[in-house]
Structure formats: structure tokens, C-alpha cells
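> Quick one: this structure, given as C-alpha cells, is what I'll be asking you about.
The values are calculated or read from the model by the stated rules, or taken from the named source; none is laboratory data. Owing to the predicted nature of the structure, the values given are computational and were not obtained by experimental measurement. Don't worry about glycine lacking a Cβ; one is built from the backbone with ideal geometry, like all the others, and counts go over all protein chains shown. What goes into the accessible areas is simple: the full protein's heavy atoms, side chains included, and nothing from ligands, DNA or RNA. Shrake-Rupley method; radii C 1.70, N 1.55, O 1.52, S 1.80 Å.
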Amino acid sequence: MNRTIYWHLPGFCFFRSLNLITIDLLKEFPEKFRENYQVGSVYGTFPGAIWNGGRAVFGLVPKHEIENTLKLYNSEKVPVRFTWTNSLLEEKHLQDTYCNLIMHLADNGFNQVLVNSPVLEEYIRREYPSFPLISSTTKRITDRNELRAELFKDYHLVVLDYDLNHDQIFLDELKPFADRLEILVNEVCYPNCKKRSEHYNHQSRMQLEYNVHASFPCPNNSTPRAFAECMNRPAFISNERIGDYINRGYVNFKIAGRGMPVDYVKDSYLYFLVKDEYQELIRKKIDAILQQVQQAKRTKK
């Protein structure tokens, strides 16, 4: 059965050039990419948004640049998905001017929001009802009954906790919901990490307090940040196994990469999206266009 397979790409702001190049190449050379693959969304945040979670991202983006970024992706028929998954939000944070400006500018019934905090989710449902909401993996739902309950709620998609990536029995049980589940294929962290929720809270606090230098004792900090190393992680799903998920009805796959080097993200795209025999060709095209983009930026300065 031919069905469209949706891939959700990281860092819509930080990896904007790489993402847009990949989207354009997929349209220009569909025969060189894996069959029926399509970019389903680009996720992340504009720097400095306190609603952001998962990975703290600092900085500030002016209004015209927010509008331009949204237009670039939406004109390619790709939704921008905000990672509004800060787990420490309170009522007082809901009126944040910057975050509400972003939501207002993106409010077209097409762009999306990842949610974690009940207080923010309720606010968005009330104030911005046209946004499809996605239940975030940062909720850490690994209990089978809790996950089933989550799937019966009004969410566009539910991102599966990667601890369940290879639970074949449970994946079979979830077949009736397969088209509403999203699977993270290249998570660099280890399954069953006892510090994972604590780490998410730490990142949330960093974002709220603009604490750029706060450190966290993560056991993975010393691990090389390379895609080749990620392929050896227990939660990794190889191309050889992706078909097993698709055959079960799973059609949404998420590529991790926020906070990672651009080469890690590029290698991930080439591995998952491009046919083996064309990966070096597409790599050269991406590198050449990225070089042109950088040169244009230097000239503009």
C-alpha cells in the first residue's frame, strides 16, 4: 500500500537554510529520495521564547524575521511547529509578549504547537484554537494505559516516548492509533534514563531565567556528538527497520537534532530521507548551496 510518510525536521530557526534546501531538493529530485517521503513539519522555537522547552534556546528574533521565517516554510506547504513544552510554566507566564506575538503571527490554521504544560495548553486552546496541538515526548508517558488515554484526547498527534521504540508487542497493540503516533528515530539519549525528566525541568528553568551558563550533570555529556555514534544507541531505528513500522501503519517520524551540530543534522537527513546510492550526490548539492548562502550573507554584511 502506498501511503505518504511524514518526516518532522528539527530547528526551524537555527537550521533554516539546511531545512529549506532539503525541502527544495526533495521536490526537485523526488526520485533520489525514499519513496513517498514528505516533510511533515519543521519544529523548534524562535530564540528567547520562554514557552520553549526540551532544549533551552537563547537570543531574540525581530518581528520581520519571524514573519519571513514563517512565510518561507509555509510557502513550501510545510507547517512550523513550536516546541512550547516548558514544564515549569505558571499562569504569570501566559501573557508573555514575545510568545504571544509569535503565536499571533503564526495563527493561520496551518502551523502547530507541541505541548507539555496543562496551564499553557488550556491557554492556547482558548486563545489560539486554530493551532493543531501535539502531545510532546517530554511528558515521559511510558505507561501503556496512560498512553492509550493520551491518544483518546484531542491531539493532532502524540509523540511516542523513545523508551517504547522497540517494544514490538506494544507497537502491535497500538496499530489502531498508528497514524496518530509520531516516532523519534535518532534520539541520542539512552532509554530509561532516570535523569531525563529532571533534565527537561533544568532546560525549562534555564529558558525561564535566561541562565545561559547553567550546567546539568548529564551522563551523556562526554559522548561524541556525531550521527555515526547515535546509530549505536539502543533507541535508534535504522532504515532497515523503518519498513516494519510503516507496515504497522506508522507514518510520522521525527528526526532529533535541536542543540546538535549542523553536520549531525545533515547526516541524519541524508541517512533517513535519501536513497543510499544518491546520498553523496545530495550531500554535495546541500554543501554547495549552503556555501552560496553563507557567501551571500558575508557579502550582505
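> Answer yes or no: is there a residue in the range 139-148 that is farther than 27 Å from R248 by Cα, within 19 Å of the chain's Cα centre (by Cα) and without any contact (Cβ under 8 Å) to a residue 60 or more places away in the chain.
At the first step, the residues of the range 139-148 found to be farther than 27 Å from R248 by Cα are none.
The answer is no; no qualifying residue exists.
> Being buried (at least 21 other Cβ atoms within 10 Å of the Cβ) and out of contact with any Pro (no Cβ under 9 Å at 6 or more places or on another chain) narrows it down to one residue among N74, N52, N36; which is it? Walk me through it before giving the result.
Numbers: N74 fails: buried (at least 21 other Cβ atoms within 10 Å of the Cβ); N36 fails: buried (at least 21 other Cβ atoms within 10 Å of the Cβ).
Going through N74, N52, N36 in turn, the sole match is N52.
> Next up: So T97 fits all but one of (1) touching a residue at least 24 places away in the same chain (Cβ under 8 Å); (2) within 22 Å of N211 (Cβ to Cβ); what number is the exception?
(1)
> Could you check, for the range 81-94, whether at least one of its residues is surrounded by fewer than 23 Cβ atoms within 10 Å (Cβ to Cβ) and among the aromatic types (F, W, Y)?
Taking the range 81-94 and keeping what is surrounded by fewer than 23 Cβ atoms within 10 Å (Cβ to Cβ), we get 87-88, 90-94.
Subsequent filtering for residues that are among the aromatic types (F, W, Y) retains none.
Within the range 81-94, none of the residues are surrounded by fewer than 23 Cβ atoms within 10 Å (Cβ to Cβ) and among the aromatic types (F, W, Y).
> While we're looking at this one, here's another question. Considering only the range 185-209, how many residues are in a loop (DSSP other than H, G, I, E, B) and farther than 15 Å from A235 by Cβ?
Step one: list which residues in the range 185-209 are in a loop (DSSP other than H, G, I, E, B), which gives 185-195.
Pick out the ones that are also farther than 15 Å from A235 by Cβ and you get 194-195.
Matching residues across the range 185-209 total 2.
> How many of the residues making up the range 246-301 are β-branched (V, I, T), in contact (Cβ under 8 Å) with a residue 40 or more places away in the chain and farther than 30 Å from F170 by Cα? Walk me through how you get there before you give the answer.
Residues of the range 246-301 β-branched (V, I, T): 246, 251, 255, 262, 265, 274, 282, 286, 289, 293, 299.
Subsequent filtering for residues that are in contact (Cβ under 8 Å) with a residue 40 or more places away in the chain retains 246, 251, 255, 262, 265, 274, 282, 286, 289, 293.
From what is left, the residues that are farther than 30 Å from F170 by Cα are 262, 282, 286, 289, 293.
Here the count works out to 5.
> Next up: Out of all the residues in the range 149-173, which are open to solvent by less than 10 Å² (accessible area, probe 1.4 Å), more than 22 Å from F82 (Cα to Cα) and outside any helix (DSSP H, G or I)?
The one that is open to solvent by less than 10 Å² (accessible area, probe 1.4 Å), more than 22 Å from F82 (Cα to Cα) and outside any helix (DSSP H, G or I): N165.
> Tell me whether the range 210-220 contains one or more residues that are over 17 Å from the mean Cα position of the chain (by Cα) and closer than 22 Å to L114 by Cα. Full working, then the answer.
Of the range 210-220, the ones over 17 Å from the mean Cα position of the chain (by Cα) are 210-220.
This time we only want the ones that are closer than 22 Å to L114 by Cα, so: 210.
Yes, the range 210-220 contains at least one residue that is over 17 Å from the mean Cα position of the chain (by Cα) and closer than 22 Å to L114 by Cα.
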